[in-house]
Structure formats: structure tokens, C-alpha cells
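So the structure is just underneath, and the comments pick up after that.
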Amino acid sequence: MDRMTSSERMACLFAGKRPDRVPVIPHMEAFAGVMCGMSTYEWYNFPENAYRSQIWCQELFGYDGGKCYDVSSGIAGDFPGGEVIIPQEPRLSLPYASRLAAPTEADVEKLTLPRSIDETFDAKRILEFNRICYRNGEGVSVFAGSPTSVVQYLVGAENLVRWMIKKPELVHRLMRFATDYIYFLAQAYLDEFGPEPLGAGMACPLESNALLSPRQFETFCLPYLVEIFETYREWNIPITGLHLCGRHDKNLPIIKANIPFHGRTLITVGAETDLEYLGKVMGPDFILGGNVRSITLQNGTPEEVYAECAAILKKMKYFPGGFVLTPECTISYLTPPANFYAMLKAARELGAYDPSESFH
């Protein structure tokens, strides 16, 4: 039995105190819509459906964290020449980029920022979702990148990696453009909401060592990540979460040594990154989260999910900075509900803390 509400649990965790149990943050997206009988088209295309479905899903399962919304590959549609399709058939299917804005060097020369969010495909939907959150007294989530992910949806991952080797100045130009796009969005949110309700998160999937070397990460990615953290601090937008999707073992020391974090930050990782190593590098001032494998959640049995969660909790429950049980990435809409429930069951049964325990 939970002894805290989700809000109390997360506030306790970020204050450096022991909550009643290990929180569970599922990176919830279209899974919530499927649980409410929606098609993925109905969920991705209508932000009000995304919000409403998460109210029901959070009450049903009792998981932690705020509400989430994004259109998969949606950034590709925010720029002239890019196009994103949200399929109506099959009933359960992901949006995809049917055309990129700048697949050639000549196209890069023509790139321009949107004049307003109303001209975008993805950003206007996310803004509408955040307006619904704001009207209901909830926080507003601002996009903090990464710029590398934006560039991927402008030119394609293959071009990005090739140009890092052959056209490094072109990549820096693209990273500058992507960073300015991130600032364009943040300024629009500051103009509409002011800084008080704003919070931000950053995800770094393309920076994975499976794709980029540590040297490429330092050269092409790190300067812009540092700049965004510094700029958002000046603008009073706290970046409270960093998701490192994929394998980042060789990037972690670089991240720890260079990024000016905004106080206590939740660092979540994919299954390729060892959680104990993450804790050793980042240290007890950070909250760590991870990293139930997507393949187990989607294709395993509830017993297998429970066992994997148990193994993670055994290692990380008492990490001095605090720990959150999460999937390695956004929970798939194909995940059996009982498998997601097994995550919560493991956290409640094996992740509960004695009320007298403290972090340090």
C-alpha cells in the first residue's frame, strides 16, 4: 500500500529525502490511449485525447511523473519541406517522417526557422497539450533538445554522421540552427506562460556511443548542450531530467565534467548503460533511473518483467541520490497491461522503504 501520493513521492525524492517507495515513471505516451480504446491516430493527432487518456491511466495504475505528449518523428514536420504522417491505418501504428526538410547540402542553405509555432506540425500540438496541462493547474514542459535529435529530423542520421567526417563546418551550422530552434520554442513558452510553471527535460538518443565516438560527442554535441543548460538557467527554466538513450558509457565522464546541471537532476538511461557504473560516475548528488528493457515489457511475461525489475531494484534501490524505476525508453503501446502492472507491483513490493530510512 502506497503511503504517499505521486506528487508527494516525487517532491520528497527531489528534496533529497526517502519517499515511501521507489517511484515508477513510465515515459507514458500512446500506451495510455490504447488503454482507453483509442487508435494511435486519435492519440497523436488530438492533444486533448492524450491528456484525457493519461488521467485515466495514471489513476488505474498509480504510476509517477507528469503527463507526456509528443508526435514520434514530429519535429521533421516543423520546417518547410518536411512532412510527417500520422497514419489512420493500421489502427495501431507510429507516425513517421515521409520527407525531410534538408536531405542535401543545398537544402541546408535554405533552412529557416518557423515564424510562429502556429506554422509547425509538432510544436503546435505540444503547445496545445501544455495549455491543457496549464489550465488544469499542472506544470508546463519545455523542450530542451538535444540539438542532435533536431538535426536528425532535418537531414537524416546517415547524412549527419557522414557530414561529421566530411563536412564538419556544415554540421556545426546545423547544430547552431537546431539550438536556435530550441530557443525559439522556449521563448514562445516564456512569452505565453512566464517562467514560473516551466520545467524542461533533455533526451540524447543520437549521442549514443553506438553511433558517435566520444570525440565526436565532445566536438559536435557537447558545446551546444552546455550552452542550452546555461541559457535555460539564465531564463529560469530548470532542466530537471536528462535521458541518455542507448549506450553512453564513454560519454558519462564527459557529461559529468562539463554540463552545468541545475541542481538535483534525474538521469535515466537505456539498458545498454550499466546503472551501477552510471552511479559511480555521476555520484550521489544525482537521482538515477532505469532501465527495464523494452523487449521484456513488450514481449515478455509479467513474471519476466517482475524478475527484471527485481534485479534492478536489488542493485539500485539504495543508491544514495535516489532511484526511479523506468522503462529504457517510452513504453510501447503494444505493451500488455499486465506487464506494465508488474513494474508497479515490483516497486511496491520490493522497492518500499522503511519510514525511518534516509538517503545519506
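The values are calculated or read from the model by the stated rules, or taken from the named source; none is laboratory data. As the structure is a prediction and not an experimental result, all values here were calculated from the model. Here Cβ is always computed from backbone atoms with ideal geometry, including for glycine, and neighbour counts include all displayed protein chains. Side chains are part of the model used for accessible areas, which takes the heavy atoms of the whole protein and leaves out ligands, DNA and RNA. Shrake-Rupley method; radii C 1.70, N 1.55, O 1.52, S 1.80 Å.
A few notes on this one:
- Among all positions in the range 95-105, there is at least one residue which is under 19 Å from the mean Cα position of the chain (by Cα) and surrounded by fewer than 16 Cβ atoms within 10 Å (Cβ to Cβ).
- Any hit, the range 3-13, residues being in a helix (DSSP H, G or I) and in contact with a Cys (Cβ under 9 Å, 6 or more places away or on another chain): no
- Every condition in (1) small (Gly, Ala, Ser); (2) open to solvent by less than 20 Å² (accessible area, probe 1.4 Å); (3) within 19 Å of the chain's Cα centre (by Cα) holds for residue 203 except the one numbered (2).
- Residue in the range 120-130 that is in contact with a Lys or Arg (Cβ under 9 Å, 6 or more places away or on another chain), touching a residue at least 12 places away in the same chain (Cβ under 8 Å) and surrounded by 15 or more Cβ atoms within 10 Å (Cβ to Cβ) present: yes
- From the list 66, 145, the lone residue that is of a type outside the set (Phe, Trp, Tyr), under 27 Å from residue 228 (Cα atoms) and open to solvent by 20 Å² or more (accessible area, probe 1.4 Å) is 66.
- Those strands (runs of 3 or more DSSP E) lying entirely in the range 83-164 with at least 2 residues among the hydroxyl-bearing types (Ser, Thr, Tyr): 96-99
Residue-by-condition table, conditions (1) more than 22 Å from the chain's Cα centre (by Cα); (2) of a type in the set (A, V, I, L, M); (3) not in a strand (DSSP E or B):
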| residue | (1), (2), (3) |
| --- | --- |
| 289 | no, no, no |
| 303 | yes, no, yes |
| 313 | no, yes, yes |
| 329 | no, no, yes |
| 340 | no, no, yes |
| 347 | no, yes, yes |
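- Residue match in the range 331-350 (condition: farther than 24 Å from residue 36 by Cβ, modelled with pLDDT of 95 or more, out of contact with any strand residue (DSSP E or B) (no Cβ under 7 Å at 6 or more places or on another chain) and not small (Gly, Ala, Ser)): yes
- Within the set 52, 9, the sole residue that is open to solvent by less than 10 Å² (accessible area, probe 1.4 Å) and either of a type in the set (Phe, Trp, Tyr) or without any contact (Cβ under 8 Å) to a residue 60 or more places away in the chain (or both) turns out to be 9.
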